[in-house]
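Take a look at the structure set out below.
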Amino acid sequence: MKSNIFEVTGESVLMLYGSHLTGAPTSTLLVLSETPLGDAALEALEKSAVSLEFGTAPLAQVVVETAEGKLGAEDVRTIVEGLDPVALVACDAFAAEALSAAYRTPVTLDADNRLMGRTAAIFQDFEGMMNTPADKQRAWALLKKLR
């Protein structure tokens with residue numbers, strides 16, 4: 001039996017949204033994208049999470065639209081609040097819009113934002129930024145604002 005109420009809540013969210021969500025109930029960084037991220041983008045985020053000292057189970061990933069359907073605003077908010085991460089990353093404009101709808105507040109693309117006390121790095125196309133060294137540096141500069 002779990003004694004940490006936060007971990008119990010996180011496990012419940014992972015079970016409820018399992019087709020859209022991977023990670024650990026103690027993940028401290030939540031990454032959202034319209035579709036599953038490619039290996040290069042996912043590796044960059046994992047390395048960034050380690051560099052920014054987000055802990056031993058740093059990364060949870062939400063795929064907003066899967067073959068089983070699209071998450072609504074309340075679903076996104078339930079996931080974020082249930083896992084209660086320290087920070088958020090929206091990897092594309094679709095995920096940014098999902099967060100914006102979930103928290104009923106506009107977000108700025110390619111900038112750091114605040115959502116209910118959490119820092120959020122909001123990208124228009126994080127995966128596209130993995131193609132050139134200059135874009136990778138721009139992405140890293142924004143990710144560093146999470147800490």
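Some points to look at:
- Filtered residue count, the stretch 84-95, keeping only those that are among the aliphatic types (A, V, I, L, M) and in contact with a Leu (Cβ under 6 Å, 6 or more places away or on another chain): 4
- The residue of the stretch 130-147 that is surrounded by the most Cβ atoms within 10 Å (Cβ to Cβ), among those that are in contact with a strand residue (DSSP E or B) (Cβ under 9 Å, 6 or more places away or on another chain) and without any contact (Cβ under 8 Å) to a residue 40 or more places away in the chain, is Leu142.
- Reported count of residues in the stretch 53-68, each being under 21 Å from Asp125 (Cβ atoms) and out of contact with any Gly (no Cβ under 9 Å at 6 or more places or on another chain), is 4.
- Taking the conditions (1) assigned to a loop (DSSP other than H, G, I, E, B); (2) modelled with pLDDT of 95 or more in turn, Thr56 satisfies each one other than (2).
- If only residues of the stretch 78-98 that are of a type outside the set (Gly, Ala, Ser), in a helix (DSSP H, G or I) and closer than 21 Å to Phe54 by Cα are counted, the one that is nearest to the chain's Cα centre (by Cα) is Val80.
- Of all the listed residues (Ala111, Ala98, Ala93), the sole one being in contact (Cβ under 8 Å) with a residue 12 or more places away in the chain and crowded, with 22+ Cβ neighbours inside 10 Å is Ala98.
- Taking the listed residues Ile79, Ile122, the one that is modelled with pLDDT of 95 or more, under 15 Å from Thr28 (Cβ atoms) and not small (Gly, Ala, Ser) is Ile79, with no other qualifying.
- Here Ala40 does not qualify as surrounded by 22 or more Cβ atoms within 10 Å (Cβ to Cβ) and either closer than 21 Å to Lys144 by Cα or at pLDDT 95 or above (or both).
The values are calculated or read from the model by the stated rules, or taken from the named source; none is laboratory data. Because the structure is a prediction, the values reported are computed rather than measured. Here Cβ is always computed from backbone atoms with ideal geometry, including for glycine, and neighbour counts include all displayed protein chains.
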